[in-house]
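Reading through the structure tokens given below for one structure.
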Amino acid sequence: MKLNTNLTQLCTILIVIISIARVFASDESFSSSLPGCKNTCGNVKIPYPFGISNSSIPNQGPCSLEPKFNLKCVNDTKLIFGNLKVSNINILEGQLESLFLVSSYCNSTNYILSGLNSPAFTISSKKNKFVTVGCDSYGYLNSVYNKETYSTGCLTRCNGNRNRIENGTCSGIGCCQVDIPPMMRNISIEASDFPNSTDSLGCSYSFVVKDGFYNFSISHLDNFPYERLPMILDWSVGSKYCNASKNEDDYACKKNSDCDDKDIDFGYRCKCKEGYEGNPYHPDGCIDIDECKTSNNTCINEDHCRNTDGSHECFCPDGHSGNGTLEGGCHRREVITKVAIGASAGLIVLFVTISSLYLTFQKRKFIKLKQKFFQQNGGSILLQQLSTREDTSQSAEIFTEEELKKATKNYDENLIIGRGGFGTVFKGVLPDNKIVAVKKSKIIDANQIEQFINEVVVLSQINHRNVVKLLGCCLETEVPSLVYEFVSNGTLFDFIHSTKDKTNNPTWKTRLKIAAETAGALSYLHSSASIPIIHRDVKSTNILLDDNYTAKVSDFGASRLVPLDQTEIATMVQGTLGYLDPEYMQTHQLTEKSDVYSFGVVLAELLTGDKPLSFNRPEESISLAMHFLSCLKQDRIFEAIQVGILNDENKEEIKEVAILAARCLRLRGEERPSMKEIAMELDGIRLMEKHPWNDTDLKFEERQHLLKKATSSIYSEIGDSIDLGYSGYDSLKDQSLIILDDGR
């Protein structure tokens with residue numbers, strides 16, 4: 001009888017072990033850790049979200065999803081979690097198997113074990129039992145969570161007769177066991193015996209053990225063989241349920257997986273969708289199961305099975321019909337079926353032929369429409385202009401409509417980075433991942449075509465680090481487009497009028513650097529380009545800045561090429577109020593000095609932080625140029641400088657730039673300096689800090705004299721009254737030929 005009982009117990013244990021091995025073996029094929037992380041400790045696999053320390057790959061971060069999943073590997077043999085030794089981790093069921101100490105009561109000594117402080121880990125109520133072994137003994141399992149105590153336990157009696165105790169039974173005589181309530185955390189186990197009992201001569205033992213593992217034996221009453229026993233813990237990720245976690249950045253369920261919070265009182269678990277397998281927590285997510293190579297398909301055999309993403313489909317071989325499944329099967333086609341298929345094929349061929357002819361017609365029509373737009377947008381003029389150039393190495397690229405639509409996500413409004421009088425600018429990404437700015441012009445008439453082509457021709461021959469680079473254009477749409485290099489840091493106007501922190505000396509250095517680079521670019525256009533170029537619309541919104549605050553002069557839609565044998569051009573007045581050269585407005589004669597005047601307004605803008613026109617100022621000071629010159633005349637220049645820029649170190653530099661701005665704003669163009677002189681002076685001012693003046697007092701007196709002389713000369717032209725300056729502004733309203741720009 002005893003031999004049969006032992007054999008039965010052994011078989012039961014073997015069956016349980018084989019079942020568990022199959023579960024965990026199937027799990028091992030896809031229990032993967034993060035790159036550079038240790039994936040085993042001893043013979044235990046370590047699947048993500050669990051992990052040990054940090055990845056060995058630089059900048060990869062920790063190996064675990066959260067600190068609560070951190071493990072330790074001692075001597076490469078023992079995997080430790082808190083004070084538990086881990087023997088297995090199951091990511092499919094969200095369980096962790098560990099060895100837990102047995103609490104005993106011997107010789108009036110009681111041992112209490114506590115742990116499992118994290119709410120993400122609970123004792124599995126379905127996979128464990130609470131057991132007490134001994135005569136006249138009892139055991140408690142206590143849990144404290146949210147300041148509430150939960151307890152369970154059981155007691156055993158022997159009644160002085162151990163002969164009634166049976167091996168393998170745990171029904172209350174010598175051994176008792178109870179189910180574990182749910183939500184048991186932060187547990188303590190207490191073993192004890194009945195006071196004054198005559199039958200409690202041995203020890204009492206209480207423990208949590210994996211269901212089916214422990215098999216009671218009478219010999220355990222006198223000599224209990226275990227110090228630790230396996231226990232199953234349920235674990236979860238996160239701290240909220242599925243609906244609240246799906247929109248969080250740390251949502252743990254990856255590709256092809258679902259969130260599951262059923263029967264979970266804290267957080268959630270992840271599981272692969274039907275038709276997929278793997279580790280749902282791993283960044284790579286779950287992978288497709290090839291059902292055709294498993295028994296999990298409904299096809300007649302593997303030859304009639306076709307795997308699909310997350311599923312499969314069954315088919316019949318050629319010459320057969322049916323659905324290829326076990327229930328439907330396949331059978332040979334009948335003649336009627338063949339006729340029907342032939343007729344269907346004929347109809348399909350006819351439909352395809354007609355469709356092809358229609359598509360061919362539409363394609364030709366579309367090509368003709370593109371050719372029409374190309375001619376309408378000045379394509380012939382552009383080709384003629386480019387063909388006369390000797391250097392073709394820097395020719396602009398001709399982009400197709402499809403390329404620009406793809407680059408700008410079909411001109412998504414969220415990618416708009418600027419709007420102006422001549423068009424809208426979109427941020428785009430070319431197939432080579434190069435970021436560009438696509439300027440989509442507004443619907444233009446015949447007069448605007450010349451301006452559009454002019455911008456292409458002008459920019460295509462400029463190669464300067466402080467001039468925005470034209471990459472190409474698209475003419476095959478009703479609305480033409482230009483493609484520029486992308487300048488990432490906005491406009492100078494934004495920098496001056498939107499930047500909050502301008503209260504330190506480096507901000508002045510940055511402004512001086514921008515002014516010098518802009519002057520250098522304009523000097524290049526006037527003096528060094530193969531054909532001199534007058535920009536005609538110099539303003540802070542047409543000066544772009546990159547991440548290093550390097551200036552880039554942009555928007556050449558209004559620019560003009562100056563023949564080498566001419567110094568001025570008679571043209572219609574065009575530009576932006578506040579920046580327009582008064583002499584140009586009166587005479588309609590465009591010269592390089594017109595750009596100088598506009599640049600003088602930009603310098604005043606950089607110094608004062610004010611806008612070119614402001615109706616918040618007094619009537620005589622609406623124009624920034626008049627306001628700035630008025631402050632110079634009244635020796636109040638430092639009062640006009642933007643608050644926070646001026647200090648003892650840069651006072652001389654600011655004074656020099658103020659004098660230079662005044663010279664640029666002279667009413668007579670012939671008395672203004674050239675852009676080349678301006679660029680040289682600004683570069684010299686930038687070097688003042690490296691070569692400080694030795695005779696400070698002398699230089700100060702010289703600059704005071706120069707300042708007074710400059711302002712006196714300026715105001716001798718416009719009269720002593722500032723009202724004349726405002727009247728000059730007001731007279732702009734009478735210029736019928738001025739084209740106003742809204743700041744493109």
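The values are calculated or read from the model by the stated rules, or taken from the named source; none is laboratory data. The structure displayed is predicted, hence computed values, not measured ones. Note: ideal-geometry Cβ built from the backbone for every residue, glycine included; neighbour counts use all protein chains shown.
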Practice task
Hey, can you tell me all the residues within the stretch 279-318 that are farther than 25 Å from Ser32 by Cβ and either among the aliphatic types (A, V, I, L, M) or touching a helix residue (DSSP H, G or I) at 6+ places or on another chain (Cβ under 8 Å) (or both)?
Solution key: Asn297, Cys299, Ile300, Glu302, Cys305, Arg306, Cys314, Phe315, Cys316, Pro317
Practice task
Filter the stretch 136-158 down to the residues that are farther than 14 Å from Met183 by Cβ and either basic (Lys, Arg) or surrounded by fewer than 18 Cβ atoms within 10 Å (Cβ to Cβ) (or both), then identify the one that is nearest to the chain's Cα centre (by Cα).
Solution key: Leu155
Exercise for the section: Six or more apart or on different chains, Cβ under 9 Å: which pairs go from a residue in the stretch 618-640 that's on the phi > 0 side of the Ramachandran plot to one that's among the hydrophobic types (A, V, I, L, M, F, W, C) and part of a helix (DSSP H, G or I)? Could you list them? Expected result: Asp635/Leu707
Completion exercise
Among the residues of the stretch 58-111, the number that are assigned to a loop (DSSP other than H, G, I, E, B) and either touching a helix residue (DSSP H, G or I) at 6+ places or on another chain (Cβ under 9 Å) or not aromatic (Phe, Trp, Tyr) (or both) is 20
Exercise for the section: Give the residues of the stretch 215-274 that are within 18 Å of Arg185 (Cα to Cα), of a type in the set (A, V, I, L, M, F, W, C) and assigned to a loop (DSSP other than H, G, I, E, B), sorted by residue number. Expected result: Ile264, Phe266
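Yes or no, residue by residue, for (1) under 30 Å from the mean Cα position of the chain (by Cα); (2) more than 20 Å from Leu92 (Cα to Cα); (3) crowded, with 19+ Cβ neighbours inside 10 Å:
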| residue | (1), (2), (3) |
| --- | --- |
| Asn247 | yes, yes, no |
| Asp288 | yes, no, no |
| Cys292 | no, yes, yes |
| His312 | no, yes, yes |
Practice task
Looking at (1) modelled with pLDDT of 90 or more; (2) on the phi > 0 side of the Ramachandran plot, find the lone condition where Ile89 falls short.
Solution key: (2)
Exercise for the section: Quick one: which strands (runs of 3 or more DSSP E) lie wholly within the stretch 397-476 and hold at least 2 residues that are modelled with pLDDT of 75 or more and either crowded, with 18+ Cβ neighbours inside 10 Å or in contact with an Asp or Glu (Cβ under 6 Å, 6 or more places away or on another chain) (or both)? Expected result: 423-429, 435-441, 470-474
Problem - So Ser598, is it in contact with an Asp or Glu (Cβ under 6 Å, 6 or more places away or on another chain), buried (at least 24 other Cβ atoms within 10 Å of the Cβ), at pLDDT 90 or above and under 19 Å from Thr518 (Cβ atoms) - result: no
Problem - Filtered residues of the stretch 165-215 (kept if under 20 Å from Cys106 (Cβ atoms) and aromatic (Phe, Trp, Tyr)) - result: Phe194, Tyr205, Phe207, Tyr214
Handout entry: Members of the stretch 638-695 that are outside any helix (DSSP H, G or I) and modelled with pLDDT of 90 or more
Key = Leu665, Arg666, Leu667, Arg668, Arg672, Pro673, Ser674
Handout entry: Single residue of the stretch 218-254 satisfying the filter (of a type in the set (Ser, Thr, Tyr) and touching a Phe, Trp or Tyr at 6+ places or on another chain (Cβ under 9 Å)) that is farthest from Asp284 (Cα to Cα)
Key = Tyr226
Practice task
Give me a count of the residues in the stretch 606-623 that are in a helix (DSSP H, G or I) and over 17 Å from Asp494 (Cα atoms).
Solution key: 3
Problem - Boolean, Ser188 is of a type outside the set (A, V, I, L, M), closer than 30 Å to Asn167 by Cα and touching a Gly at 6+ places or on another chain (Cβ under 6 Å) - result: no
Practice task
Tell me the strands (runs of 3 or more DSSP E) entirely within the stretch 303-367 that contain at least 1 residues that are at pLDDT below 80.
Solution key: 320-322, 330-332
Practice task
Being surrounded by fewer than 18 Cβ atoms within 10 Å (Cβ to Cβ) and in contact (Cβ under 8 Å) with a residue 40 or more places away in the chain is the filter here, so list the residues in the stretch 218-228 that pass it.
Solution key: Ile218, Tyr226, Glu227, Arg228
Problem - Filtered residues of the stretch 275-294 (kept if farther than 19 Å from Pro47 by Cα and either part of a loop (DSSP other than H, G, I, E, B) or not acidic (Asp, Glu) (or both)) - result: Gly275, Ile289, Asp290, Cys292, Lys293, Thr294
Completion exercise
Checking Ser114, Ser171 in turn, the sole residue that is closer than 23 Å to Ser239 by Cα, at pLDDT below 90 and among the polar types (S, T, N, Q) turns out to be Ser114
Problem - Qualifying residue in the stretch 179-201 (condition: assigned to a strand (DSSP E or B), of a type in the set (Phe, Trp, Tyr) and either on the phi < 0 side of the Ramachandran plot or modelled with pLDDT of 90 or more (or both)) - result: no
